[in-house]
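Only one structure is covered here, and it is reproduced in the block below.
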Amino acid sequence: MDQTDEQVRLLGEDGTLLQHDTYKVDLTDEDLCDLYRQLVVVRRIDVEGNNLQRQGQLGIWAPCLGQEAAQVGSARALRPDDFVFPSYREHGVVYVRAGMEVLSVLGLYRGANLSGWDPQRHKLAQYSIPIGTQALHAVGYAIGAKWDGAEVCAVAYFGDGATSEGDVSEAFNFAAVHSAPVVFFCQNNQWAISVPLAKQMAGPVYKRAFGFGFPGVQVDGNDVLAVYAVTRAAAERARDGAGPTLIEAITYRLGAHTTTDDPTRYRTSDELDMWKAREPIGRYRAFLERAGLWTEALEGEVQAEADRVAAEVRATVEHMPDPPLSDLVDHVYADPPATLMAQWRQLEEFEAQFQAEG
Amino acid sequence: MAQITMARALNTALRDAMEADDRVVLLGEDVGTLGGVFRITDGLLKDFGEQRVMDTPLAESAIMGVSIGLALRGYRPVPEMQFDGFSYPALDQIISHLAKYRNRSAGTQPMPVVCRIPYGGAIGAVEHHSESPEAIYGHTAGLKVVTPSSAADAYSLLRQSIESDDPVIFLEPKRRYWAKQEVDLPVSTEPIGKARVLREGSDLTLVAYGPMVKVAMDAAEAAQEEGVGSLEVIDLRSLVPLDDATLVASAAKTGRMVVVHEAPQFLGMGAEVAARVSEAAFFHLEAPVLRCTGLDIPYPPARLEEAHLPGVDRVLWTVQRSLDF
Ligand SMILES: Cc1ncc(C[n+]2csc(CCOP(=O)(O)OP(=O)(O)O)c2C)c(N)n1
Ligand SMILES: [Mg+2]
């Protein structure tokens, strides 16, 4: 992967296929159609997340609207035995990697769990809300995998804002020194809550990699085929022992930061409209049409699948029970201290008395 | 008199402090254009400009380290940590430098930095947004740790903190941000280091601070109505320095004490108060000082936070345990 100053693109804004010297589309027709299905389903899950929050079923939701191509394209380029370290907005990554495990994410935002899935099951770490921290976990995992002679890579997802945290720069350097099999995947969605890129950094993200001694590449994050191709190449490079790559996917957060945020306080509707026109799913559908792959039947199937997933999301969340009280203490330690267990017995005593009193 | 929220009182305190001293500067994530995620800095960018109200890159260690540098240059920075759970990247700067600067410079270099941190739970938030890290800061010599429970105290304590030449960790109880109080600003309340007896009582003393003061007051009210007893309520207001004298006098008077806080119990403020009161008022005590606190667990998911946090019922239950002792 050469150092490049140009953004990698394989799809024009109208869906025309572009030629690229390094990156090619080598997906089967079936895969190309399935990619469309995943994009549409992820968008629908996100819509449900917003709706459920509005109905009081979730405490908060962090929409991924507009970032579907960056998430689906990159996650699809990985193998099941690679290990993924998401941030908190990667619902598309979770869906591609772990299917309906995405319901646990809704549980997290409902306040019913703490992400709570087994990270080894889908080789997918829990969401990491403290910004940028997970980048270092990816490096550690990758170094361990390298020591074990495993041909796998670790992928860290983070945002443009996260690149300001020390942990992320430390991760770049540590990975470079160890030539660790890591893919750093930055979704540059132009905003960190209300802070625009210009206040976050004075040079492009991907160029930092060169300073640390490894390649960086900027890709059109709303071009699902380019994201797929670039991520696949970086993952292969990592598994082949050539070390880390930093991918900067240029995209846009079309929704609010979270459902408690009001973006009209800090960004213009002109900017929003400009990016709406570049949203990724319409562009990909136009490509499928040009390629003769889009049919009414495909659209029907995809929409039916989105409806099915949306219904499952709604039904599951609306009937999600509150966690049992014992969840307070059950998973804190492998071997809980006696002081904690005494506290727990006291709480049980209190709760029992309270109930007895009515 | 006007009805104002704690959020409004804090906003006004920042504005008044900036008007009084042009070396006072604010910095943090989203404090400018957005006015902070809790709107505590609302409108200040517009009136004071980008130099005095800085939207920083997303880096807490940098926010604190840069604040220390600004203080060395003679500014009085008021950095904001967006949430309790995101203040930890700044701990190295706070513990290794902010708290130690005066001592390492043989008393020559003041560190007038006020680190504002919204803290505590009961707002139904997702993980890392509801923590109570006061013991970490209280355990770090060189820092003052202040936490208001009302709009009036929020205003006065923040003004005093900004005027302090010692670094202050200013903990804002986020569940109380929108609670209103009748008060005219500016207002001047007791100095940092003085606790306040909010309610006189004769049978037992409840000790609380920040988010738990309202709970303690409600419990005292309920205890009165239900004939449980007459409870005195102390609002600590500042955890460092701690007002030993007020605590000991009250314990000597009532003979019983329950300390209430959201933070985990182990090595918490309750342990410190209990040890001090036992030492100084041992022969006056009718019962050991008891604690009604959060469990010694990572903050639970929102749907379990009510059981984790002390509420009026659990406070009263602990009060009864003391009375029955
Ligand atoms: C260490 C830390 N500091 C602050 C926050 C609060 N916070 C949550 S998201 C966010 C902005 C993140 O921006 P970016 O990395 O660009 O990701 P995006 O939200 O755009 O996906 C901030 C400041 C946090 N979660 N963790
Ligand atoms: Mg961003």
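The values are calculated or read from the model by the stated rules, or taken from the named source; none is laboratory data. Since this is a predicted model, take the numbers as computed values, not measurements. A quick note on method: Cβ atoms are made from the backbone with ideal geometry, for glycine too, and the neighbour counts reach across all protein chains shown. Note: accessible area is taken over every heavy atom of the protein model, side chains too, but ligands, DNA and RNA are not part of it. Shrake-Rupley method; radii C 1.70, N 1.55, O 1.52, S 1.80 Å.
Worth pointing out:
- Per residue, the accessible area of chain A comes to 40 Å² when a 1.4 Å probe rolls over the protein heavy atoms.
- Pairs exceeding 28 Å between alpha-carbon atoms, taken from B:K174/B:K253; B:K46/B:K100; B:K194/B:K214: B:K174/B:K253; B:K46/B:K100.
- Which listed pairs, of A:K24/A:K276; A:K24/A:K207; A:K199/B:K180, have C-alpha distances above 32 Å, in listed order: A:K199/B:K180
- Accessible surface of segment A:29-323, 1.4 Å probe, proportion on carbon and sulfur as whole %: 51 percent
- Beta bridges per DSSP with both ends in chain B, % antiparallel, nearest 5: 20 percent
- For segment A:317-352, a reduction of at least 50 Å² in accessible area between the chain on its own and the assembled protein chains (probe 1.4 Å) is found at A:L328, A:Q343, A:Q346, A:L347, A:F350.
- Entry note, chain A: the mean residue ellipticity at 222 nm calculated from DSSP H runs of n ≥ 4, each adding -39500 (n - 2.57), is -14500 deg cm²/dmol after division by the residues and rounding to the nearest 500.
- Interface residues of segment A:143-169, defined as those losing at least 10 Å² of solvent-accessible heavy-atom surface relative to the isolated chain (probe radius 1.4 Å), are listed as A:G161, A:S164, A:E165.
- Under the convention that each Lys and Arg Cβ holds +1 and each Asp and Glu Cβ holds -1, the size of the dipole of the protein assembly as shown around its Cα centre is about 1280 debye.
- Computed from the C-beta positions of A:E349 and A:K207 and an R0 of 56 Å, the FRET efficiency is 0.40 to the nearest 0.05.
- Threshold 20 Å² - residues in segment B:105-135 whose accessible area is reduced by that much or more when the chain is no longer isolated, probe 1.4 Å: B:V126, B:E127, B:H128
- Selection from B:I68, B:T56, B:V31 lying farthest towards where the dipole of segment B:31-80 points positive, charges on Cβ: B:I68
- When only the Cβ of Lys, Arg, Asp and Glu is charged (+1, +1, -1, -1), the dipole of segment B:2-183 relative to its Cα centre reaches about 280 debye.
- In segment B:165-211, chymotrypsin sites (Phe, Trp or Tyr not before Pro) in a DSSP loop with at most 14 other beta-carbon atoms within 10 Å: B:W178
- The residue list A:V139, A:F214, A:A202 was ranked by how far each Cα lies along the charge dipole of segment A:29-323 toward its positive end, using unit charges on Cβ atoms, and A:A202 comes out on top.
- Across all C-alpha atoms in chain B, the radius of gyration and Dmax reach 19.4, 59 Å.
- Selection from B:W178, B:Y101, B:G193, by position along the positive dipole direction of the protein assembly as shown (Cβ): B:Y101
- Shape metrics for segment A:29-323, restricted to C-alpha atoms - Rg then Dmax, Å: 18.3, 52
- As a calculated quantity, the FRET efficiency between A:E318 and B:D92 at R0 = 56 Å, using C-beta atoms, amounts to about 0.80.
- For segment B:2-183, carbon and sulfur atoms together expose 50% of the accessible surface, with a 1.4 angstrom probe and every protein chain in place.
- Euclidean distance of C-alpha centroids, segment A:1-58 and segment B:1-65, integer Å: 39 Å
- Comparing A:G56, A:G161, A:G282 in a Gaussian network model of chain A, where Cα atoms under 10 Å apart are tied by springs, the biggest mean-square fluctuation is seen for A:G56.
- Charge dipole magnitude, Cβ of K and R +1, D and E -1 - chain B, Cα centre, debye nearest 20: 540 debye
- Using the Cβ-Cβ distance between A:M274 and A:D307 with R0 set to 35 Å, the FRET efficiency works out to roughly 0.70.
- As a fraction of the 1.4 Å probe accessible area of segment B:213-325, surface on carbon and sulfur atoms comes out at 54 percent.
- In segment B:45-113, GluC sites (Glu not before Pro) in a DSSP loop with at most 15 other beta-carbon atoms within 10 Å: B:E50
- Relative to the dominant Cα principal axis of chain B, helix B:244-254 is inclined by about 20°.
- Computed Rg/Rh of the protein assembly as shown, alpha carbon atoms with Kirkwood Rh: 1.01
- Distance between the C-alpha centres of segment A:204-224 and segment B:154-217: 49 Å, rounded to the whole angstrom.
- Partners for A:K123 among lysines (Cα-Cα distance below 19 Å; same-chain residues under 8 apart left out): A:K146
- Accessible surface buried by the A/B pair amounts to about 3600 Å², both sides summed, 1.4 Å probe.
- Most to least accessible of A:F185, B:F83 (protein chains only, probe 1.4 Å): B:F83, A:F185
- Loop sites in segment A:288-322: GluC sites (Glu not before Pro), DSSP, at most 13 other Cβ within 10 Å: none
- Of all beta bridges that DSSP places with both ends in the protein assembly as shown, some 15 percent have antiparallel geometry.
- Å² of accessible area per residue within chain B, as computed with a 1.4 Å probe and no ligands counted: 37 Å²
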